[in-house]
Amino acid sequence: MARDTIAAVSSGTGGAVAVIRLSGPAAGEALRALCGRLPEPRRASLAVLRDPASDERLDEGLALWFPAPRSATGEDMAELQIHGGRAVVAAVLAALFALPGMRPAEAGEFTRRAFLNGRMDLAAAEGLADLIAAETESQRRLALAHAFGHLGARVEAWRRQLIQAMALVEAGIDFSDEADVPLETRAMAHPPVIALAGELRAALTDRRGALLREGAVIALAGRPNAGKSSLMNALAARDVAIVSDEPGTTRDVLEVALDLAGHKVTLLDTAGLREATGKVEAEGIRRARARIGEADLVLWVHDATDGPAPEAIPDAPAGDGAARWLLANKADLAPVPLASPEWAARSFTVAATTGEGLADLIAALGAFVAARVEGAEHPMLVRERHRAGASEALGHLDLALAGWDDLSEELLAEELRLAARALGRITGAIGTEDLLDVVFREFCIGK
Ligand code: GDP
Ligand code: ZN
């Protein structure tokens with residue numbers, strides 16, 4: 001496939017060394033033009049780089065040559081490791097782009113070419129994007145698994161099973177005169193389709209992938225002045241929320257991302273939940289309620305100077321799956337009333353301003369997130385795109401299963417085919433250009 005050759009800086013900016021990558025049919029020629037020769041394949045060799053137009057010396061560095069197909073993109077590739085100064089990089093790039101057939105790479109274009117040349121599937125490309133962006137240990141591990149084909153392999157296995165089932169159902173079409181054959185082949189395809197629908201359903205209900213990528217959402221809730229903002233600041237160990245003696249200062253939802261025991265956590269400080277007096281405050285309360293509704297864990301902050309803790313969390317419309325813990329705050333000011341048995345294992349005595357009890361709380365939070373996130377296997381459907389494909393596939397399987405005894409072979413096979421297509425879009429086995437644009441736009445230039 002004849003296409004232009006792309007080049008870009010692939011290292012971060014500002015380092016002592018810059019890496020320029022080239023990919024495409026003219027990569028070898030360009031390398032020869034700048035270095036005077038083509039280095040031995042896959043070996044780093046010292047090179048003096050010259051501007052081919054003026055023969056002016058530009059820099060000295062390392063040159064690498066990866067002839068197709070044994071390269072990251074599957075095309076001819078070259079890599080130049082040069083001094084990282086802005087002027088050096090600009091001069092080398094200018095010399096490269098003056099050569100015929102060369103142009104700057106677009107964001108994600110190297111990875112996109114790797115995908116188009118079959119070096120990786122779409123889910124692996126996304127895993128790679130996540131790996132580059134990973135902030136915590138658990139995100140890094142999940143992204144690495146996906147970058148090396150964890151999701152892609154599973155989805156392809158599912159798709160192969162579907163295609164086999166489809167072939168069995170379609171076999172019945174050719175034998176429609178002989179009454180028994182279609183029923184037999186259809187019956188053979190039934191159990192695997194049931195099993196597949198079950199696996200898809202289980203993967204869709206597994207929220208660990210989203211938890212790892214987006215982080216567990218932990219909401220601080222409680223009456224005004226209970227100390228939510230102070231706790232948020234103490235947990236985040238930096239000033240992110242406004243702490244004030246006036247009730248109702250925290251009008252909006254403040255969020256801060258934390259790394260808790262290697263897991264990403266988003267901590268929310270919500271507006272004091274109480275009857276609103278002003279319009280702005282009412283809006284803050286509405287948003288706070290909506291955001292608490294998405295929380296995995298609600299920490300109800302109780303002001304210990306107000307007396308005994310409530311029996312149950314009032315006014316905290318968290319989702320059904322959300323856990324609720326009680327934090328009796330301001331322990332430095334008042335004796336903490338005995339927690340009701342309902343709270344026993346899930347109540348903590350803290351003082352946001354002195355730091356008392358925070359170490360225990362943080363340890364418990366880390367364990368909570370770890371228990372939610374960890375499982376025997378890496379979660380499958382990490383992104384909304386994966387979930388959409390899987391749930392569309394499941395929809396077709398459910399239709400097929402509901403009509404298993406009544407639908408014609410043609411209609412049954414068609415539902416299975418649509419399910420296989422929906423799965424194929426997850427790995428990019430079945431894809432469209434605009435889908436590729438969406439996936440690869442996330443990458444930076446040089447990747
Ligand atoms: P919020 O409305 O729930 O966010 O409460 P704030 O975090 O704004 O705190 C209200 C007031 O209580 C502030 O003056 C804080 O300094 C004070 N406060 C918060 N936590 C503690 C604590 O553990 N001990 C003491 N003595 N004061 C606290
Ligand atoms: Zn506050």
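The values are calculated or read from the model by the stated rules, or taken from the named source; none is laboratory data. Note that this is a predicted model, so its numbers are computed, not measured. We place every Cβ from the backbone using ideal geometry, glycine too, and count neighbours over all the protein chains shown.
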(request) Name the residue, out of ALA30, ALA78, ALA95, ALA44, that is farther than 26 Å from PHE443 by Cα and not charged (D, E, K, R). (result) ALA44
(request) Go through region 78-104 and give me each residue that's modelled with pLDDT of 90 or more and either assigned to a loop (DSSP other than H, G, I, E, B) or under 20 Å from the mean Cα position of the chain (by Cα) (or both). (result) ALA98, LEU99, PRO100, GLY101
(request) Quick one: in region 352-409, of everything that is over 30 Å from ALA134 (Cβ atoms) and among the aliphatic types (A, V, I, L, M), which residue is nearest to ligand 2 (Cβ to nearest atom)? (result) ALA352
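Pick out, from region 1-59, the strands (runs of 3 or more DSSP E) lying fully within it that include 2 or more residues that are in contact with a Cys (Cβ under 9 Å, 6 or more places away or on another chain) and surrounded by 11 or more Cβ atoms within 10 Å (Cβ to Cβ). Before the answer, list the steps.
Details: elements: 5-9, 17-23, 45-50.
It comes to 45-50.
Can you find a residue that is of a type in the set (Ser, Thr, Tyr) and over 20 Å from PRO379 (Cβ atoms) anywhere in region 121-142?
no
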(message) For region 332-356, give me each residue that is assigned to a loop (DSSP other than H, G, I, E, B) and modelled with pLDDT under 90.
(response) ALA334, PRO335, VAL336, PRO337, LEU338, ALA339, SER340, PRO341, GLU342, TRP343
(request) From the list GLU199, GLU184, pick out the single residue that is charged (D, E, K, R), over 26 Å from the mean Cα position of the chain (by Cα) and part of a helix (DSSP H, G or I). (result) GLU184
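How many of the residues in region 60-70 are surrounded by fewer than 20 Cβ atoms within 10 Å (Cβ to Cβ) and of a type outside the set (Lys, Arg)? Steps first, please.
Going residue by residue through region 60-70, those that are surrounded by fewer than 20 Cβ atoms within 10 Å (Cβ to Cβ) are 60, 62, 67-70.
Keeping just the survivors that are of a type outside the set (Lys, Arg) gives 60, 62, 67-69.
Residues flagged as surrounded by fewer than 20 Cβ atoms within 10 Å (Cβ to Cβ) and of a type outside the set (Lys, Arg) within region 60-70 amount to 5.
Please enumerate the residues belonging to region 60-76 that are within 18 Å of PHE115 (Cβ to Cβ) and either assigned to a strand (DSSP E or B) or at pLDDT 95 or above (or both). Walk me through it before giving the result.
Within region 60-76, the first condition is being within 18 Å of PHE115 (Cβ to Cβ), and the residues that meet it are 66, 68-76.
Result: PHE66, GLU75, ASP76.
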(request) State all residues of region 207-239 that are touching a residue at least 24 places away in the same chain (Cβ under 8 Å), more than 17 Å from HIS263 (Cα to Cα), surrounded by fewer than 24 Cβ atoms within 10 Å (Cβ to Cβ) and more than 10 Å from ligand 2 (Cβ to nearest atom); if no residue qualifies, say none. (result) ARG223, ALA234
(message) Looking only at region 274-320, count every residue that is of a type outside the set (A, V, I, L, M), at pLDDT 70 or above and within 30 Å of the chain's Cα centre (by Cα) and tell me the total.
(response) 8
(request) Go through (1) of a type outside the set (D, E, K, R); (2) free of Cβ contacts under 8 Å to residues at least 24 places away in the same chain; (3) farther than 21 Å from ALA197 by Cβ one by one and return the number of the condition ALA388 breaks. (result) (3)
(request) Would you check which residues across region 404-422 are outside any helix (DSSP H, G or I) and charged (D, E, K, R) and list them? (result) ASP405, ASP406
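What residue, among those in region 90-113 that are hydrophobic (A, V, I, L, M, F, W, C) and surrounded by fewer than 21 Cβ atoms within 10 Å (Cβ to Cβ), is nearest to SER71 (Cα to Cα)?
Taking region 90-113 as the starting set, the residues that turn out to be hydrophobic (A, V, I, L, M, F, W, C) are 90-99, 102, 105, 107, 110.
Applying the additional criterion that residues be surrounded by fewer than 21 Cβ atoms within 10 Å (Cβ to Cβ) yields 90-91, 93-94, 97-99, 107.
On the way: ALA90: 25, ALA91: 26, LEU93: 21, ALA94: 24, PHE97: 22, ALA98: 24, LEU99: 22, ALA107: 19 Å.
Only one residue fits best here, namely ALA107.
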(request) For region 212-235, enumerate the residues that are under 25 Å from the mean Cα position of the chain (by Cα) and among the basic types (Lys, Arg). (result) ARG213
(message) For region 146-157, which positions are surrounded by fewer than 20 Cβ atoms within 10 Å (Cβ to Cβ) and assigned to a helix (DSSP H, G or I)?
(response) ALA153, GLU156, ALA157
(message) I'm trying to understand the selection: among the residues of region 203-230, which are of a type in the set (Lys, Arg) and within 12 Å of ligand 1 (Cβ to nearest atom)?
(response) ARG223, LYS228
(message) Restricting to region 125-138, count the residues that are surrounded by 23 or more Cβ atoms within 10 Å (Cβ to Cβ) and under 9 Å from LEU212 (Cβ atoms).
(response) 1
